[in-house]
There are 2 protein chains.
Amino acid sequence: MTDTKRNDVPYKIYLSEEEMPKYWYNVRADMKTKPAPLVNPGTGEPMKPEELLPVFCKEAIDQEFDNDTAYVEIPEDIRNFYKMYRPSPLTRAYCLEEKLGTPAKIYYKFEGNNTSGSHKLNSAIAQAYYAKHEGLKGVTTETGAGQWGTALSMACAYLDLDCRVYMVKVSYEQKPFRREVMRTFGASVTPSPSMETAVGRKILAEHPGTTGSLGCAISEAVEDATSHEGYRYVLGSVLNHVLLHQSIIGLETKAALDKYGVKPDIIVGCAGGGSNLGGLISPFVGEMLRGENDYQIIAVEPASCPSFTRGKFAYDFCDTGNICPLAKMYTLGADFIPAPNHAGGLRFHGMSPILSQLYHDGYMEARAVPQTEVFEAAEYFARCEGILPAPESSHAIKVALDEAKKCKETGEEKVIVIGLTGTGNFDLVAYQKFNDGIMDDYVPTDGELEASFAKLPKVE
Amino acid sequence: MTDTKRNDVPYKIYLSEEEMPKYWYNVRADMKTKPAPLVNPGTGEPMKPEELLPVFCKEAIDQEFDNDTAYVEIPEDIRNFYKMYRPSPLTRAYCLEEKLGTPAKIYYKFEGNNTSGSHKLNSAIAQAYYAKHEGLKGVTTETGAGQWGTALSMACAYLDLDCRVYMVKVSYEQKPFRREVMRTFGASVTPSPSMETAVGRKILAEHPGTTGSLGCAISEAVEDATSHEGYRYVLGSVLNHVLLHQSIIGLETKAALDKYGVKPDIIVGCAGGGSNLGGLISPFVGEMLRGENDYQIIAVEPASCPSFTRGKFAYDFCDTGNICPLAKMYTLGADFIPAPNHAGGLRFHGMSPILSQLYHDGYMEARAVPQTEVFEAAEYFARCEGILPAPESSHAIKVALDEAKKCKETGEEKVIVIGLTGTGNFDLVAYQKFNDGIMDDYVPTDGELEASFAKLPKVE
């Protein structure tokens, strides 16, 4: 690599605190076709904001329904919290480019430089702040492997807010480390299903040996919030207001690139519920929607849970327990159980309604990649760039490497931006399986998906 | 807290890449009394550089013996690697100050923003670079819990250098996560004692069920290096050249403080082998040695392993196996086995000869703190500042909190700088014990220490 290339921009572009965005960007304001409204499963009618008041904080509901306000001011207290770990660095992957021998220019926006280890903190502090601001005592949530629960416990510790986390029992027992981080931050962590809730007791009576599921944990967390004065339930992905908070990722990325006069050609991110990808691409898609600019946007999902690439665009439940409102989204069906996949954060049957609409309208493409190739890309990246990436993030890395190799063949100097959502520091069981060569690459059959689609609720 | 106070300096002070130091600082050049030379245990004479050539890289040996050169240029390749995670942030702990209600101004230099999770990488890349530069095939080392081994494996992956790590067997089996990080970075990790070396086979024959020790792992790593063409042994702390590399911490800290016209009153760091503390304080102590400035420097060690506060300043072996040269240092005796302590990096019986001399000459003070109080401080810090600190680093936090509370009583606006060496992301077993209230606070008796001192080698 020539020194000239290495001196294009700094290795890491840090914005100053003054350059940190003061507004979130709501991409819905620029969408011609708005994401379809949530629907009440009982009536088949669009949900009204007041129907959600017992469950969510008021400000979160207002943001959820607001399809018009383009810029939403970030309260100063949230910005002060953000300053503990933001602006996050946008890094030019010089070492990776050199190793690949590609003329492509690769950047990654790294959201893992905080103890929760991921972007989840961006929305956790916002939702906790609104709960505090509304005079609530605490919040409840569910967590699988614990990334979202960790982020929420950090935000609640900062605000002296009670935090009650229902953690899927198998993770609680087999992945105790994130549980201990949550406890250190003062959260109460309950293995789900539990005897604390009616729904938990019912499930335990019917299935005494069950190790739990995310759907069950959601049901317990919602029941806990709605049956205790001063508590609300918070969710870490999928919903519109979560994507709004995560737009800080994309806004910072754009500001950092603009500072050095760099225009991306390809923006690639992993997609589970969609909060990270939605946040990363929002300001770029906004330019596409307004006809100002064009980008190639790629959503990457696991081949074991291919919502975009093999799912249906239809109304479906967000939870396995079928207690939440229906959302119109790309879905594999709420009954679909993905094969074990170590990118736990991507094992969701559905997809953010905003991203689903954008995908449906042709503003982005999607690729599904098998797990072993993802970990090969992760290892390659780690050895060059010195960061052990989260399995989720490594889906994006895999496709970025593919694109950079194409550039090597064509000679194109494309600018590729990767959303590096977090670290794999708590995913070493997965890396161990990869190192031992015993990773599973199961992909669902057409028959499995058809059986799941057959159970989709009939709406519209 | 008033907004005025919060706006003194940014939350995080990031130096630009141009502001990153281009030279390491060798504090020995300014010491009137130089650290005592290493001594050959066989002859009782000072070691000659050539005697170390079969073991260490040549450049490391030259640096080890150089008491005169004040500024040593950092090779460009090392600076390029540093740019992947440096300059590291100097953070103003506004939230901590607010929670404490102290007029003190607290800063922490955070070295945990890299996958190895600690400052160890600063010397690992330097030593690996010299090995590569000298045309070697690879390096060997020992590791306990794995912090140093992880850092070295990252550096070797970057340079395509073979990395062979002997990991204390009990850690290899019970703490598999750092082992998997090392494997992901391509290192071979061997549980020690092993059948790979003569010394390992001998120990296994004599003690078939042993779970190993750091002393044994050192012996195996040294034998491996000296019996294979193209290999050398590298060490992560204690030695002079390691402190030289770690001076980057202090130089950046000073540059960041100078940028905002801030002069520290107290600089506090944890002390195990001394590499982090030595690096942090070097440029400040340099000013003291040259009579330009004065600072209160505090070394913090575990009460379970109190080298400074209860040790002897004497020649001793650095390793339990007594195969390494003798160093003059504060020591509890090479036979001293500290009680189980979760700050694994601080469980060394001796102390850097440089720091030992500085302490002996009155340039710093030392405090020993019990483990439970350290974790209380860690938890308090985590909840305010959103970083889960390493148990090692939390020793410094504990004393910084004590000093900040004193300021609250006296009204003094002291500036306190903490060396935050790393994250606790791989120390959750320790945090779990703390959360469960079953932490051990054993302190060695005078009798135990006297018995250990009785075995010190007779030199001078």
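Couple of notes before you dig in:
- Relative contact order for region B:244-354, counting Cα pairs under 8 Å that sit 6 or more residues apart, in percent: 25 percent
- Cα-centred dipole magnitude for region B:385-440, charges only on beta-carbon of K, R (+1) and D, E (-1), debye, nearest 20: 60 debye
- Given A:132/B:406; A:22/B:433; B:32/B:120; B:120/B:259, the pairs whose alpha carbons are separated by over 30 Å: A:132/B:406; A:22/B:433
- Charge tally around residue A:15: other residues with Cβ under 9 Å, Lys/Arg +1 each, Asp/Glu -1 each, net -2.
- Rounded to the nearest 20 debye, the dipole size of the protein assembly as shown about its Cα centre is 0 debye, using +1 on the Cβ of Lys and Arg and -1 on the Cβ of Asp and Glu.
- Reported to the nearest whole Å, the Cα centre-to-centre distance from region A:160-236 to region A:266-342 is 25.
- Over the protein assembly as shown, the hull volume per residue, using the convex hull of the C-alpha atoms, is 165 Å³.
- Members of region B:346-386 that become less accessible by 30 Å² or more once partner protein chains are added (1.4 angstrom probe, chain alone as reference): B:383, B:386
- Degrees between helix A:214-226 axis and first principal axis of chain A (Cα, 0 to 90, nearest 10): 60 degrees
- Relative to the longest principal axis of the Cα atoms of chain B, the long axis of helix B:275-289 makes an angle of roughly 60 degrees.
- Dipole magnitude for chain B: computed about the Cα centre from +1 point charges on Lys and Arg Cβ and -1 point charges on Asp and Glu Cβ, it is near 500 debye.
- Against the main long axis of the alpha-carbon atoms of chain A, helix A:121-133 sits at an angle near 40°.
- Dipole of chain A [Lys/Arg +1, Asp/Glu -1 at C-beta], most positive-end residue of A:363, A:454, A:190: A:190
- Annotation for residue A:23, label-to-label distances across the other copies: 4.9 nm (shortest first, one decimal, point 7 Å from Cα along Cα→Cβ).
- Pairwise Cα distances in region A:313-408 exceed 23 Å in 39 percent of cases.
- Volume per residue that the Cα convex hull of region B:205-306 spans, once the total is divided by residue count, Å³: 150 Å³
- Estimated Rh, region B:345-460: Kirkwood, alpha-carbon pairs, angstrom: 16.6 Å
- Here the mean projected area of the convex hull built on the C-alpha positions of region B:1-75 is 9.3 nm².
- Normalising the average separation of contacting C-alpha pairs (under 8 angstrom, six or more residues apart) by the number of residues puts the relative contact order of region A:329-460 at 31 percent.
- From largest to smallest, the equivalent ellipsoid semi-axes obtained for region B:61-190 from the alpha-carbon gyration tensor read 30, 22, 13 Å.
- Shape index of region B:259-342: Rg/Rh, with Rg the Cα radius of gyration and Rh the Kirkwood radius from the inverse mean 1/r over Cα pairs, equals 1.06.
- Accessible area per residue for the protein assembly as shown is 34 Å², calculated with a 1.4 Å probe on protein heavy atoms, without ligands, DNA or RNA.
- Using a 1.4 Å probe over protein heavy atoms, the accessible area lost on pairing B with A, summed over both chains, comes to approximately 4200 Å².
- Projecting 7 Å from Cα along the Cα-to-Cβ direction, the label point of residue A:296 sits 6.1 nm from its equivalents in the other copies, listed shortest first.
- Proximal aspartates and glutamates to residue A:455, defined as alpha-carbon separation beneath 18 angstrom and excluding residues fewer than eight positions away on the same chain: A:316, A:319, A:335, A:446
- Cα gyration tensor of region A:223-381 - equivalent ellipsoid semi-axes, whole Å, descending: 27, 20, 16
- 7 Å along Cα→Cβ, label-point gaps from residue B:45 to other copies, nm, shortest first: 9.9
- The loop-placed trypsin sites (Lys or Arg not before Pro) in region A:364-460, going by DSSP, that have at most 15 neighbouring Cβ atoms within 10 Å of their Cβ come out as A:455, A:458.
- When a 1.4 Å probe is rolled over the protein heavy atoms, the share of accessible surface on chain A that falls to carbon and sulfur comes to 50 percent.
- Over region B:318-358, the reciprocal of the mean inverse Cα-Cα separation, the Kirkwood hydrodynamic radius, stands at 11.0 Å.
- Of the Cα atoms belonging to chain A, the radius of gyration and Dmax stand at 20.9, 68 Å.
- Peptide ranges A:46-57, A:294-305 listed from the most packed, as the mean C-beta count within 10 angstrom indicates: A:294-305, A:46-57
- In chain B, the DSSP-assigned H stretches of four residues or longer account for a calculated mean residue ellipticity at 222 nm of -12000 deg cm²/dmol, using -39500 (n - 2.57) per stretch and the full residue count as denominator.
- Stokes-Einstein D (µm²/s) once Rh is taken as the Kirkwood radius of region B:77-150 over alpha-carbon pairs, at 10 °C in 1.306 mPa s: 108 µm²/s
- Sorted largest first, the spans of the alpha carbon positions of region A:118-178 along the three principal axes are 36, 22, 14 Å.
- With semi-axes defined as the square roots of five times the eigenvalues of the C-alpha gyration tensor, the equivalent ellipsoid of region B:34-134 measures 37, 20, 12 Å, largest first.
The values are calculated or read from the model by the stated rules, or taken from the named source; none is laboratory data. The shown structure was predicted, so the numbers you read here are calculated from the model rather than taken from an experiment. Positions of Cβ are backbone-derived with ideal geometry, glycine not excepted, and every protein chain shown enters the neighbour counts. For the accessible areas, the whole protein counts, side chains as well, though only heavy atoms, and no ligand, DNA or RNA atoms are used. Shrake-Rupley method; radii C 1.70, N 1.55, O 1.52, S 1.80 Å.
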